[in-house]
Amino acid sequence: MEKEANGNTPMLHVIADRKVNLASLIPENAIDAEIRIESLKGWKKDEQIGYGAYGEVYRYVTPMAGMKFAAGKHLKVNLWNKTGKQKEDIKARVTIFLEELNLMHKISNKCCDRLVQVIGCYVNSKKLIIFTELMINGSIKDHIIDEPLDEATALKYTFQAAQGLHFLHHYPECRIVHRDIKCDNLLLTQQWNVKLADFGLAYNNLAVDSESYTMSQSAPSDCAGTPIFAAPEVLIGAKYGRRADIWSLGCTLVEMLTTAPPHADFWQRHSERAKFLFLEQARAEPSHQLQYVGHQLVPNASVNAQKLLDCLFIKNKQYRPRSEDVLNVFEENPSAPTTLVRINVANLDELQRRINEEEKYYNAYKALG
């Protein structure tokens with residue numbers, strides 16, 4: 001152990017310096033004043049309500065008027081034994097994250113019915129905490145552990161998730177790809193309506209321009225999100241945009257109707273090699289790829305729900321429906337509570353016909369060489 005110049009007292013500060021001061025890496029005014037929390041005085045950490053690769057989530061009692069509870073996500077940031085270059089890398093990543101967080105706060109305020117509200121951000125030397133509204137009914141995933149949802153409820157939640165995606169996909173300032181749609185990220189309000197959450201925010205570059213490309217002027221090609229929910233173009237590392245979320249929405253509907261996303265058994269069989277083999281399947285010739293066919297994935301669902309899945313699982317992203325196409329397939333169900341919807345059969349048939357026509361012309365053109 002090193003000693004002070006007098007040779008007596010251990011230099012404890014040498015050890016302390018090995019850990020980076022997180023607050024020192026954050027540029028001034030990087031966090032918008034509307035969400036910057038200067039002190040946790042009055043905030044009381046309660047029970048843990050979630051965890052993952054990103055960190056842990058706790059319920060907090062808040063000092064805010066009109067909001068007794070909030071969810072506080074403690075993000076994992078490795079601050080030990082960093083070189084100067086690594087410190088700069090952390091600084092760049094945190095800065096990008098905070099830019100995204102500021103954007104998501106603004107966006108969530110404009111679509112409070114379908115997006116979980118970002119309410120605050122606290123940073124000190126050791127931790128970064130993101131506070132959002134607390135969704136007391138948890139996620140859809142919490143409610144399908146033992147048995148699937150009934151089809152009417154699953155369609156309602158799919159419709160509401162599509163509403164949230166439509167808002168993100170057409171946000172005027174910058175089109176946004178969610179990149180991690182799944183039951184875990186569809187949270188339920190006290191009235192049992194869906195709001196989109198983005199627990200992958202810290203690792204995602206969300207903002208894209210009007211052509212569905214990132215603001216760096218190239219479409220994202222990293223395998224973001226959860227692979228088993230990812231669209232083919234995401235899995236193979238190709239450029240992707242908003243329609244990747246539509247594929248994930250299809251996987252999520254299957255999850256609601258069966259308790260598991262498509263081909264979950266594939267992951268169980270192959271265990272540690274599953275991710276590698278899943279990506280290999282996506283790159284294989286069409287005849288050797290995993291199949292995404294509605295009546296095979298959800299044999300107990302209605303024919304119309306199966307046909308909807310067939311539309312969502314179009315492997316050629318160019319012909320996959322947009323969020324507005326998905327919304328157009330639904331209509332209010334006058335024979336059920338006003339919160340439920342049903343499939344408009346005529347609109348679904350028209351969507352399927354259009355997709356088939358486009359694919360037929362594409363295949364004919366391709367055959368001509």
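A few notes on this one:
- Looking across the range 134-149 at every residue that is of a type outside the set (S, T, N, Q) and touching a helix residue (DSSP H, G or I) at 6+ places or on another chain (Cβ under 9 Å), the one that is surrounded by the most Cβ atoms within 10 Å (Cβ to Cβ) is identified as Ile140.
- Count - residues of the range 333-350 that are surrounded by 13 or more Cβ atoms within 10 Å (Cβ to Cβ), modelled with pLDDT under 85 and either out of contact with any helix residue (DSSP H, G or I) (no Cβ under 7 Å at 6 or more places or on another chain) or not assigned by TED's automatic domain parsing to the domain that holds Leu155 (or both): 1
- Among the conditions (1) without any contact (Cβ under 8 Å) to a residue 12 or more places away in the chain; (2) within 22 Å of Arg242 (Cα to Cα), Asp142 misses just one, which is (2).
- Selection within the range 56-83 - part of a strand (DSSP E or B), more than 18 Å from Glu133 (Cβ to Cβ) and in contact with a helix residue (DSSP H, G or I) (Cβ under 9 Å, 6 or more places away or on another chain): none
- Test: residue in the range 77-100 that is under 25 Å from Lys44 (Cα atoms) and touching a Gly at 6+ places or on another chain (Cβ under 9 Å): yes
- Any hit, the range 300-313, residues being buried (at least 18 other Cβ atoms within 10 Å of the Cβ), modelled with pLDDT of 95 or more and of a type in the set (Lys, Arg): yes
- Meeting the requirement of 3 or more residues that are of a type in the set (Gly, Ala, Ser), the helices (runs of 4 or more DSSP H) wholly within the range 242-331 are 243-258.
- Hits in the range 77-88 - residues which are under 26 Å from the mean Cα position of the chain (by Cα) and surrounded by 13 or more Cβ atoms within 10 Å (Cβ to Cβ): Val77, Leu79
- Residues satisfying the stated conditions in the range 174-195, i.e. in contact with a His (Cβ under 9 Å, 6 or more places away or on another chain), buried (at least 23 other Cβ atoms within 10 Å of the Cβ) and modelled with pLDDT of 95 or more: Cys183
- Of all residue pairs spaced 6 or more apart or on separate chains, none has beta-carbon atoms under 7 Å together with a first member in the range 93-105 that is not assigned by TED's automatic domain parsing to the domain that holds Tyr122 and a second member that is crowded, with 19+ Cβ neighbours inside 10 Å and part of a helix (DSSP H, G or I).
- Extreme residue, surrounded by the most Cβ atoms within 10 Å (Cβ to Cβ), among residues of the range 150-167 that are under 13 Å from Val254 (Cα atoms) and touching a Ser or Thr at 6+ places or on another chain (Cβ under 8 Å): Thr158
The values are calculated or read from the model by the stated rules, or taken from the named source; none is laboratory data. Predicted, not measured: the structure shown is a model, and the values here were computed from it. Cβ sites come from the backbone with ideal geometry, for glycine too, and all protein chains shown count toward neighbours.
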